Each structure stands twice: as structure tokens, then as C-alpha cells.
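Before any comments, here is the structure.
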Amino acid sequence: MTDKELRVSEAQIAVHWQEENKFAPTAGFIAQANMTDAEIFQRFSLENFPDCFKEYADLLDWERYWHTMLDTSAAPSWKWFVGGLINASYNCVDRHLQQHGNKAAFIWVPEPEDEPHVVLTYQELYVRVNEFAALLRDHCGLKAGDRVTIHMPMVLELPITMLACARLGIIHSVVFGGFSGHACGERIADSGSKVLITMDSYYRNGKLLDHRVNGDLAIASARDLGQEVEKMLVWRRKQGEYQSRSKMVEQRDFFVDELLADYRGVRVDPIPMPAEAPLFLMYTSGTTGQPKGCQHSTGGYLAYAAGTSKYIQDIHPEDVYWCMADIGWITGHSYIVYGPLALGATGVLYEGVPTYPDAGRPWRIAEQLNVNIFHTAPTTVRTLRKAGPDEPAKYNFKFKHMTTVGEPIEPEVWRWYYHSVGKGEAVIVDTWWQTETGGFLCSTMPALHPMKPGSTGPAVPGIHPIIYDDDGNEVPPGSTAGNICIRNPWPGAFQTIWGDHDRFVETYYARYNKDPESKDWRDWPYLTGDAAVLAEDGYYRILGRVDDVINVAGHRLGTKELESASLIVKEVAEAAVVPLRDEIKGRVPDMYISLKPNTKASKKIEAAVVRAIEESIGKIARPKNVWIVPDMPKTRSGKIMRRILTAISNGRDVGDVTTLANPDVVEHIRQMVQGDDTKTDA
Ligand code: WTA
């Protein structure tokens, strides 16, 4: 089979997901929504492209207004709002001072429940960003265009650090705090950072973790790769107290709180940056090969984050908005920091894990702070449902709006979110997008579209998806799955992969491009790498990465379909299916499930899962095994690591699991499945 043929069959995924009933937004929600005008889709239609995006650009304050909406001369690297000068820190901080100076920008909730919350007003944010920017400039000698790597937990000092960089045009690269020192070092080296900003410690699951140790490992790894870190700035979780076993290295390592004493009261003018200057790098997880540093622009990215925060997240200045993602991921960048702050929102920043000390924690926080917009991932919804299905009802909170992001949500789980967390009143947006895209691609418009469990919805304004089969033919609505692409550029799209422009073009744009010399955006559909189906009603359903698809005897099944079917069995809390090599069928599904609390594993449950799959999909999808496991191996951000389960199922080595939230469970599952200590490479 040629490479092409292999790809051809990949888009012919069988679809066995039943159509779900729709849920309408309430009149109360619609009455207050930022966007109730269905004309917006006309305004953002392809005929009005690209000028429609002026509406988003005008949500920002420009130091110098731009003259050219879209410059395609470096296709497929798009330049938006060319000629414009803008500063992201100014837009997220300074411009709110007059009206909202005393309003909370963030309310920080430490993980220990007896530690007081910290309220940071826009005025205080302004002061702290300025002082830290002065330190970066004068102590570290950093200037516009330099890269800085930030490896920090969910504390106020993280957005402060990012905004201080943005103030000076320094390109920040935030590495998720849960990544290992080695992973951080690779990213330092790739970005060419000479400064690492970290923190000594933070709370997670009731323990004060020593985070500073990662700094030495990161610096050593970066050095191995040829990059010398000159300075490490260390914030301290408890001011004046150092909570780490690592020794500070003289002349290289500095406590930020000590240095800041020299910068008290210093103000730093925000540097007007060209709209297309890079604002930050965000590395994608790097499950395959080298991590990719997605480079995002200043003007286009910020306009897109602000526009989608306003209309899809429905953020008003008087709302209390809580996104539980980690700032170390793109969701946190766009929808904790840049989008909400550009709108002058009040955000909640939570240090710890959602289930600490128990599954009622998020609902206590929501009740206490009067949170009315809630944003999280399906995995968290599943976890909270598993650990405390009846918890939300015990607390007096009321959401008007909830988001789900990051992976497909099973209708079963969606309904719990809707009824139990949203109490039947909150609107839900299932937002589909990627690190590369800067902001949402598909979602219902909360006051304009009904919700359909398990479907992300139509495209958001200004995004024009197209589903191609492997030969480049458009797949019509209501038929099979294919590769979902975006026809047109949009301001939030990343500009390139840092240091590897060829890989950028190859990975995201070459697939359906017919003329590599073309400067016309119409010739450069953006390949998302996801498989999707478009229903007759115009709603997209994302089936997952093309590589998450299992081919069983030539029939292609989305893993989510099997998992969703398993969840119909009432004892099942979470399910993950992986492809298991099979001599006859090529691949067969291998199913892993975890059970709701106080439920005993039994053959009966295994049989029920098999039956549920057979019933909702067909015998073709019957799993080879149903493994009942104590918990799924998960990343620190809560994604189930199917890659590890795949390795276990197929008798392969699981590789490095140290960055997982629960590495111990891996060995447990391995023994259960592989049976002994021998690891073969099948
Ligand atoms: C998946 C996260 C289904 C998808 C913002 C995408 C989703 C990848 C959804 C990007 C959703 C994200 N429904 N799948 N609502 N949102 N995905 O870069 O496979 O961490 O390609 O960005 O997550 O993950 P990333």
C-alpha cells in the first residue's frame, strides 16, 4: 500500500453516532448576551472576507492604526493588520485603569482551602507588570524580540510575567508547569531563551511540590542542546521563604521578590509593536518527534482572542469568569489571560486540582466567588462526575455559560454537565480549536444556536471549514467523515513553527495546496489534522485526530464513538479505546474503562460494555478486551494518554511516563494486561 492509499482510507471513517436532540439557550441568557444578531454570519461571510475582521481589530486600542487588513505575500504565513502598532500589555492592563482600575482582574484561589484568596485589581496588575518589566529590562537586559522561557504554576505571578514580557515586546514561551525539567530544557533550547523564569514551589493535591528542582534539570538539558541559560529568576510561593532543596547558583539564580525591591514604583512605557511581531511561542505536546513552537502574532492573535472571548465566551466586565485550564496551554493563554483581560474581565485563577480536597471544591469556589461563566475540559467534567455526581446540587451557584474544550465530549457526559452543573439553565459551548489556531474554530454562538450534545456546532464567525476526502474532493454535509480544513486565513492563526518554517508549510498547508508558489489564500486550506463529519444541520462533529482512528477490518471507527457507547453502561466513569494489532482484522479495539466510586469490577460489567458497543455501533466494533482499571493514565492537564494504553495493549514499552499526573497506575495496568515483567516489542 502506498502512502497515498493509506491516507485515502483514513478519511473514510465509519460513523455510527446517533443524532442528538438539541437544547435551546434560555430567554434569560439571550436577553443579556453580547451577540444576538444573526446578521453577524452575513457580515463574516466569505464575500466580506477579510474586511469583516475589522470588527475584531476595533475591540483593541492601536498605537497606530493599521492600513492593510491582510497581506498574503508570504503565503501561507499571513500578516494581519499590517502597518498597525500595538502593545498587548497596554490593551490588557493600562487601558482599563480609568474605568476599571479598582476592579479585580484576577481572584487567585490557592489550593489549601484555609489560605485566603488574593484579589488583584487592574491597578495592582498595572503596578506589578511595570515593576517586573523594569526588572526584565534592567536586570536581565532583555529587549523586544528576545525569547524568555517561563515554567510556572497557576499563580498570579504567571500572567504578571507574561504581560511584563509583552510590555517590552519580549516573546514569551510558557511551558506547562507539570512538564519535566527535561521537557522544559528542550523548549528553552529550541526557542533560544537565555532567561528562565520559574517558581520555587506550589501546591498540588495537598502537597507543596518542589518546582525549583526542575530549573536545574532544564538548564542542564538546554546546555546539552547547546543553549546556555544566563539567568534564572525564581518567584517564591511564600514571599521570603524558599521552599526547595535546590541550591541557588550565585550570579545565575535570583529571587524575584528580592530584586523587585529595586524597582518599586518604576513605570515602563509599553513598546508599540508591529501587529505581526510575535507575541509568544506555545509548544505543542510533542507526542510525535520534536516539540513544535507555534509562533503567534501580537495584533491578529489579540484581536481574535478578544473577539471570540466577547462573543463566544460572552464575557462582560461584570461577569466572574473561571477557566480551569492551565495557563501553560493555549486555552489558558487565549481564554484566561489575553482574551478576558483585553475585555476588562474578572477572572478566577485556581492553583490546584479540581478534586482537592474533594469533588465539591469547584462548586464551593463558584458559590463563594459568584462565578457565572465556567470553562473546562471534558476530562475534568468526567472526573468530577465520577467523584461526585451529586455534589453540584449541594451548592448555591448559578452559571449562565459553560464551555467545554480540548476533546470530544460524549453526549452522556454533556448531559450531566448540562443538567447537574448547569442546572438546566447555563448555555454550553463545545469549542473546537487548536494550539495553532489561537482561538475557537467551531462552536455554537451561545445566544443564536441551539446546542447539540457531542457536536461542536457550526463554525464561528469568519471561519469557513471544508471537509476534504483524501483526494481533495469536498465531502458534502450528511455523508462520511473526512479531513476538516479551514478554507480561509483568520487573525488568530499561528504564523509559523519557530525555527522550522518548512515543517510549518508541510504539516499544515501542503496537503491540499495545488500551487506552492501561489500568493492567493484560496490556494492554501489549513489542515487541522482532525477527522470530522458535517451533519445536514451544519453542525460539525469532531471525531478526533486522524491518528486516533481505529481501522477494524477496513471499517473505520472513531475512538470516541466506542468510548461514548461504553459510557452508556451506568457503572462506567471513563473509557478509552486503543487499537490492538490483530492478525486477521488489522486492528481491533482494546477497551479500558474505569468505574464510578463504590462499584466493583465484574464480568457482568465487561459484558455490558461489549453489548453496549455492539448495540450502538455494531459487532465490527466489538472490543477484544475490556480492561477495568483503577484510573486512566493522564497528563497533568487531564488528558487520557491513549498512547500509553496503546503501548500496553500491544506489548510495547510505555516509554517515559514521569510527566503524567499518576505514573503509578501505568505499571498497575501493564501488569494487568501484559501479565508479567517481560516487555516485548511486538
Ligand atoms: C482536539 C486545545 C473535539 C482536536 C484547544 C484538536 C477537540 C486538538 C475539541 C487540539 C473539541 C480540541 N471537540 N476535539 N471541542 N477541542 N479538540 O492543541 O483533536 O491542545 O486537534 O488545543 O484537540 O489540541 P490542543
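The values are calculated or read from the model by the stated rules, or taken from the named source; none is laboratory data. For clarity, every value in this text was computed on a predicted model and none was experimentally measured. Note that we place each Cβ from the backbone using ideal geometry, even for glycine, and neighbour counts take in every protein chain shown. With ligands, DNA and RNA removed, areas are computed over all heavy atoms of the protein, side chains included. Shrake-Rupley method; radii C 1.70, N 1.55, O 1.52, S 1.80 Å.
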Accessible-area ranking of GLU113, GLU19, GLU614, GLU574, largest first, probe 1.4 Å: GLU19, GLU113, GLU614, GLU574
Nitroxide proxy distance, nm - points 7 Å out along Cα→Cβ at GLU536 and THR68: 4.6
Over the chain, relative contact order from alpha-carbon pairs under 8 Å, at least 6 apart, %: 14
Stokes-Einstein D (µm²/s) once Rh is taken as the Kirkwood radius of segment 323-409 over alpha-carbon pairs, at 25 °C in 0.890 mPa s: 182
Sulfur and carbon atoms: percent of accessible area, segment 143-298 [1.4 Å]: 46
Virtual spin-label span in nm between ARG43 and LYS514, 7 Å along Cα→Cβ: 3.4
FRET efficiency estimate (nearest 0.05) - Cβ-Cβ, ASP500 to ASP257, R0 45 angstrom: 0.75
With 10 Å bins from 0: P(r) over segment 136-202, alpha-carbon pairs, percent: 22, 56, 22, 0
Largest-first principal axis extents, alpha carbons of segment 364-436, Å: 37, 23, 18
ARG643 accessible area, assembled protein chains, probe 1.4 Å, Å²: 110
Tail beyond 25 Å, pair distance distribution of segment 27-150 (Cα, percent): 54
5 angstrom amide H check on VAL429, placed H, neighbours 5+ away: MET402, THR403, THR404
Surface share of carbon and sulfur [accessible, 1.4 angstrom probe, percent] for segment 370-413: 47
Cα-Cα P(r), segment 264-413, percent of pairs per 10 Å interval: 10, 34, 33, 18, 5, 0
Normalised contact order of segment 272-341, rounded percent, pairs of Cα under 8 Å and 6 or more residues apart: 26
With eigenvalues of the C-alpha gyration tensor scaled by 5 and rooted, segment 396-477, Å: 27, 13, 12
Projected-area mean, segment 53-124, by convex hull of Cα positions, square nanometres: 7.4
Normalised alpha carbon radius of gyration of segment 66-223 [divisor 2.2 N^0.38 Å]: 1.18
Restraint check, LYS292/LYS514; LYS400/LYS560; LYS54/LYS143; LYS560/LYS639, Cα-Cα greater than 20 Å: LYS292/LYS514; LYS400/LYS560; LYS54/LYS143
Values of log10 I(q)/I(0), in the order q = 0.26, 0.27, 0.29 Å⁻¹, for segment 304-362 under a Debye, Cα-only, solvent-free model: -1.01, -1.05, -1.15
Per residue convex hull volume, Cα atoms of segment 334-478, in Å³: 138
For ILE617, distant residues with modelled amide H under 5 Å away: none
Accessible area expressed per residue, segment 621-665, with surrounding protein chains retained (probe 1.4 Å, Å²): 41
Solution diffusion estimate, µm²/s, Stokes-Einstein, segment 92-154, Kirkwood Rh from C-alpha pairs, 37 °C, viscosity 0.692 mPa s: 238
Under 18 Å from the ARG364 label point (7 Å along Cα→beta-carbon), backbone N, segment 114-130: 114-118
Fraction of the pair-distance distribution of segment 591-636 above 15 Å, Cα-Cα pairs, percent: 47
Rounded, prolate or oblate (a/c below 1.5 giving rounded, otherwise prolate when a/b exceeds b/c) for segment 177-293 by Cα gyration tensor: oblate
Residue-normalised accessible area of segment 446-579, expressed per residue, 1.4 Å probe, Å²: 33
Kirkwood Rh (inverse of mean 1/r, distinct Cα pairs), segment 258-324, angstrom: 15.7
Aspartates and glutamates whose Cα lies under 17 Å from that of LYS596, excluding same-chain neighbours fewer than 8 positions away: ASP358, ASP390, GLU391, GLU410, GLU412, GLU563, GLU571, GLU574, GLU606, ASP631
Chymotrypsin sites (Phe, Trp or Tyr not before Pro) within segment 37-116: DSSP coil, no more than 14 neighbouring Cβ in 10 Å: TYR65
Rh (Kirkwood; distinct C-alpha pairs) - segment 214-350, Å: 18.2
Radius of gyration, Dmax [segment 451-520; alpha carbons; angstrom]: 14.3, 42
Other-chain or far-sequence residues with amide H under 5 Å of CYS442's (modelled H): TRP432, VAL460
Solvent accessible area, Å² - GLU425, 1.4 Å probe, full protein context: 90
Extension gain (nm, one decimal) between ASP138 and GLU230, 0.36 nm per residue minus Cα-Cα: 31.7 nm
Rounded accessible area of ASP326 (nearest 10 Å², 1.4 Å probe): 30
Percent of alpha-carbon pairs separated by more than 12 Å within segment 432-483: 70
Size of the chain as Cα extents on the principal axes (Å, biggest first): 69, 59, 53
